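Before any comments, here is the structure.
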Amino acid sequence: MKRLVLSKRRGISEIIGTLMLLAITTIGSFFLANLVQGSGFGSVDPSATQPVSPVYSIRLTGYDTRDSANLSDISSLDNKFDKKLCTMSCAGFANNIPNTSGTDFITVQIKNISTTPVYIKNLQINGVTHILDTQTAGKSFDASADDFSGNYPMNGKFSIVSSGGLVQKSTNQLSDDEEVTLIVKLSKDIGSDISLSKPIQVLVNFGSVRSAEFVILSGETR
């Protein structure tokens, strides 16, 4: 009689153990799927018109946010020397160059480290969206004087130049392994001027499930 009871208990224990293993496997698979999706790997938006790239396709390789001249060694890319990056307080003449009371510039250098092209759709600087200035396409960058025909991007917009070049690209596409400099003219809609040595949040939207996010410091170059 005792042997029969022990046999029944052992059988029940084995069934319970099997069910627990199945439950743990199911929960683990669900957790892993969410982790992979959150990382940007393998995540695809079924409504996307272009392939969705992982967040880690974009690498920050440098930036220049100085209150100085020749940002990123680009001639005429100058900010006004006033110990800040002017945004809201330059709203009245926002599209002028900084030395004539326009908003200041910053540069952000990025590299496509994936094996497929990516497309820079827009940037967010401290929560304010900046779009590509299509008027700059194919024109050599020149911010030596006020100009509204595409020699430099207008406030709240950016242009793209290849590393070491001055001609602003006519497309937002970055080929695989391509490195570029984004020339950003800060928007007058940024809530307050940016003091030096303050963090600047940069989000690069290139069609991924999540934007590539970087934090840089004002008044610095790297």
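With the condition kept exactly as written, say whether any residue in the range 173-186 is polar (S, T, N, Q), closer than 17 Å to residue 122 by Cβ and surrounded by fewer than 22 Cβ atoms within 10 Å (Cβ to Cβ).
Yes, the range 173-186 contains a residue that is polar (S, T, N, Q), closer than 17 Å to residue 122 by Cβ and surrounded by fewer than 22 Cβ atoms within 10 Å (Cβ to Cβ).
Please indicate, with yes or no, whether at least one residue in the range 146-168 is in contact with a Pro (Cβ under 9 Å, 6 or more places away or on another chain), farther than 21 Å from residue 60 by Cβ and surrounded by 15 or more Cβ atoms within 10 Å (Cβ to Cβ).
No: the range 146-168 contains no residue that is in contact with a Pro (Cβ under 9 Å, 6 or more places away or on another chain), farther than 21 Å from residue 60 by Cβ and surrounded by 15 or more Cβ atoms within 10 Å (Cβ to Cβ).
Answer with yes or no whether residue 185 is at pLDDT 95 or above, in the same structural domain as residue 71 (by TED's automatic domain parsing), in contact with a Gly (Cβ under 8 Å, 6 or more places away or on another chain) and of a type in the set (Lys, Arg). Write out each step before concluding.
Numbers: at pLDDT 95 or above: yes; in the same structural domain as residue 71 (by TED's automatic domain parsing): yes; in contact with a Gly (Cβ under 8 Å, 6 or more places away or on another chain): yes; of a type in the set (Lys, Arg): yes.
So residue 185 passes the test.
(1) of a type in the set (Ser, Thr, Tyr); (2) in a loop (DSSP other than H, G, I, E, B); (3) at pLDDT 95 or above; (4) closer than 25 Å to residue 214 by Cα: which one isn't true of residue 115, the others all being true?
The failed condition is (3).
Tell me which residues, restricted to the range 133-145, are of a type in the set (A, V, I, L, M) and surrounded by fewer than 22 Cβ atoms within 10 Å (Cβ to Cβ).
Correct list: 137, 145.
Go through the range 78-104 and give me each residue that's touching a helix residue (DSSP H, G or I) at 6+ places or on another chain (Cβ under 7 Å) and under 12 Å from residue 187 (Cβ atoms). Break it down into steps so the answer makes sense when it comes.
Just the residues of the range 78-104 that are touching a helix residue (DSSP H, G or I) at 6+ places or on another chain (Cβ under 7 Å), to begin with: 78-80, 86, 93, 100-104.
Answer for the range 78-104, where residues must be touching a helix residue (DSSP H, G or I) at 6+ places or on another chain (Cβ under 7 Å) and under 12 Å from residue 187 (Cβ atoms): 86, 102, 103, 104.
The values are calculated or read from the model by the stated rules, or taken from the named source; none is laboratory data. The structure displayed is predicted, hence computed values, not measured ones. Positions of Cβ are backbone-derived with ideal geometry, glycine not excepted, and every protein chain shown enters the neighbour counts.
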